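Read-outs: derived from the displayed coordinates by stated rules, not from any lab. All figures in this text were calculated on a predicted structure; none of them were measured in a lab. Heads up, the Cβs are rebuilt from the backbone with ideal geometry, glycines too, and the neighbour counts pull from every protein chain shown.
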Amino acid sequence: MKKTDLITLIIVAAVICGFAFIPGAWTWFNETTKAHGLLMSFFKFAILGTFGEMLALRIREGVYLKKGFGLLPKMLVWGVLGVVIASAMTIFKTGTVTLLDGGFHLNGKAAAWFAGSLSWGKFFVALCVSVLMNTLFAPVFMTFHKITDIHIAETGGTLKGFFGSPLKIGEALSKKINWDIQY
């Protein structure tokens, strides 16, 4: 085990222990998330999404960071994606219930099932939300994320590079994304 692995494990354990053993930490976190949902989505995704990419880099190449990785640009992109995901969840959650109740003439049953306790009806509505979100939103989301990853890599992984040149969306879509792997 490398020294960086030990440091990473200590940091992860410290965060988990902080929530488990500091009185009120979990309550504060939940209340802050409820009061400032989009802002907290930004920070949670910025930290956890970037950490996930760092873990993937560690698995692939043996290091958590390397030149050109783009720690700050990736955090920024993940933060923005977190806000978009949180927004999409709200839109698909309310939109799917409306679609089921109105379009499929459930006449309020879907809303009641989804608001109620665990049941087959609630499971059905949640499944519909998931299917619609993953078929309508996820492909566009993942494609945009891939475009930003390409942009970060091509601009040296710096904030100056990230903001200093435009996203070449058409070029990325037509020449740089391996569609066999992407989908």
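Here the stretch 95-175 is treated with +1 on each Lys and Arg Cβ and -1 on each Asp and Glu Cβ, and its dipole about the Cα centre works out to around 40 debye. The C-alpha atoms of the chain define a longest principal axis, and helix 138-154 lies at about 10 degrees to it. The long axis of helix 25-35 is offset from the longest Cα principal axis of the chain by roughly 70 degrees. Applying Stokes-Einstein at 25 °C and 0.890 mPa s to the Kirkwood radius of the stretch 1-103, computed over alpha-carbon pairs, gives a translational diffusion coefficient of 153 µm² s⁻¹. Between LYS93 and ASP5, 0.36 nm times their residue separation minus their Cα-Cα distance comes to what? Gain on stretching LYS93 to ASP5: 27.8 nm. Each of PRO23, ALA56, VAL140 was placed along the dipole of the stretch 1-143 (beta-carbon charges, centred on the mean Cα), and the one lying farthest toward the positive end is ALA56. For LYS93, the lysines whose Cα comes closer than 30 Å to its Cα, not counting residues fewer than 8 places off in the same chain, are LYS34, LYS44, LYS74, LYS109, LYS122, LYS146. FRET efficiency for the ALA112 to LYS44 pair, using the beta carbon distance and R₀ = 41 Å, is estimated at 0.85.
Dividing the mean sequence gap of close Cα pairs (under 8 Å, 6+ apart) by how many residues the stretch 57-183 holds gives a relative contact order of 31 percent. Each principal axis of the Cα cloud of the stretch 97-183 was evaluated for its coordinate range; sorted largest first, these ranges are 52, 27, 20 Å. When the inverse distances between all different Cα atoms of the chain are averaged and flipped, the Kirkwood radius reads 19.3 angstrom.
Counting only alpha carbon atoms, the long axis of helix 120-132 and the longest principal axis of the chain meet at about 50°.
Calculated FRET efficiency, SER119 to GLU154, Cβ-Cβ distance, R0 = 41 Å: about 0.25 to the nearest 0.05.
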